[in-house]
Amino acid sequence: MVNLIVYAVHAVRAEEISTTALVTSSLPPAERYAEVLSSDPGVLAAGVTRFELDVTGRRTAVALYVAGARQQAPYVSDDRRIYANGR
């Protein structure tokens, strides 16, 4: 059985981490969308998460964008104010 991989993009807002805005089977489109989404009004950051379909608990934070810039760590911004995935 081959594990299928998808990438999900979601926005981080002041009071919430929003529902998934995009699901794609390829990382580059997910990162491009997150980069643009992170600059939308009211959006503090946009995250990209990798999921293995049909496998419980197999998700990995891949990228985090703030104001159009990819952060060094995929789960927390460089200024340490924006957190995702409970880290």
5 angstrom amide H check on S39, placed H, neighbours 5+ away: G68
Calculated from backbone phi, Karplus (6.51, -1.76, 1.60) coupling profile of region 59-64 in Hz, x at Gly/Pro: 9, 9, 5, 10, 8, 9
For region 31-41, Karplus couplings with θ = phi - 60° (6.51, -1.76, 1.60), whole Hz, Gly/Pro x: 5, 4, 5, 4, 4, 5, 4, 5, 9, 5, x
Within region 1-74, GluC sites (Glu not before Pro) in DSSP loop having at most 14 other beta-carbon neighbours inside 10 Å: E15
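Here, each number is a calculation from the coordinates, and none is a lab measurement. All figures in this text were calculated on a predicted structure; none of them were measured in a lab. Virtual Cβ from ideal backbone geometry, glycine too; neighbours counted across all protein chains shown.
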